[in-house]
Amino acid sequence: MNVKKTLGILLALLTVAVLYAVFFLVPPAEGLGYYVRIAFFHIPMAWVSVLAFLLSAWWGAMYLRRRDMRFDALSARSAKLGFLFVLLATGSGAVFSKLTWGAYWNWDPRQTTIFVLLLIYGAYLTLRAAMGEARLRARASAVYALFSFLTVPFLVFILPRLYFSLHPSPVINGSGSIDMDTSMLLTLLASLADGTLLYAFLMAEGKKEPRKEETP
């Protein structure tokens, strides 16, 4: 059994288990009710986007070091998946915002920083689309991926915490302790693993034959 097929089976089984837990085992959260179910989709999507951008930067660095086009392909695909997962995280966050605050978008600090992240990686995709020469595109993309990821920790983890936000903290409260029902925490961990497996499966699904860069 090949890796892609194994990942597919594991992903299907874990997804079914997570969905069952979210809709039948997780209790309503205080102040959020059953709207908390959105978190088990929203948080994994946000997590996977950070992971995808990190690996995009890593493979970009590997390309600059070895000049192997396989790493350029991996870096580009990871960045594209990261952008997709950010869109999904933004969309699920907007739905939650509408249900709890009455508007899909209100420029909350977390919404603002994720919008900036979308602009940064949207520019990355535009850069790749605009450059036709493979080697030049690979070098420029690798450098852009490295510098872009430097902004991710600030936009995702630091800046939103410097300002007042309506965004709830469903896992870690203001005192830094875990404030979540055991069944919720286990379901969240399973959903994070499920999102990570989905990313790995999509990366494997798009894997192409390795290509070496020609010596100029």
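The values are calculated or read from the model by the stated rules, or taken from the named source; none is laboratory data. Note that this is a predicted model, so its numbers are computed, not measured. With ideal geometry, Cβ positions are generated from the backbone for all residues, glycine too; neighbour counts draw on all protein chains shown.
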Within segment 1-57, can you find the residues that are touching a residue at least 12 places away in the same chain (Cβ under 8 Å) and among the polar types (S, T, N, Q)? THR15, SER49, SER56
In segment 9-21, which residues are more than 21 Å from the chain's Cα centre (by Cα) and either outside any helix (DSSP H, G or I) or at pLDDT below 95 (or both)? ILE9
Residues that are over 18 Å from TYR199 (Cβ atoms) and either charged (D, E, K, R) or buried (at least 18 other Cβ atoms within 10 Å of the Cβ) (or both): does segment 3-16 have at least one? no
Is it true that ARG65 is of a type outside the set (S, T, N, Q) and either farther than 30 Å from TYR34 by Cβ or in a loop (DSSP other than H, G, I, E, B) (or both)? yes
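One line per residue, one yes/no per condition, for (1) farther than 17 Å from VAL50 by Cβ; (2) part of a helix (DSSP H, G or I); (3) modelled with pLDDT under 95:
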| residue | (1), (2), (3) |
| --- | --- |
| SER78 | no, yes, no |
| LEU81 | no, yes, no |
| ALA103 | yes, no, yes |
| ILE114 | no, yes, yes |
| LEU119 | no, yes, no |
| ALA142 | yes, yes, no |
Is it true that VAL48 is surrounded by fewer than 18 Cβ atoms within 10 Å (Cβ to Cβ), at pLDDT 95 or above and closer than 12 Å to ASP194 by Cβ? no
Kindly indicate whether any position in segment 22-36 is in contact with a helix residue (DSSP H, G or I) (Cβ under 9 Å, 6 or more places away or on another chain), in a helix (DSSP H, G or I), under 17 Å from GLY195 (Cα atoms) and not polar (S, T, N, Q). yes
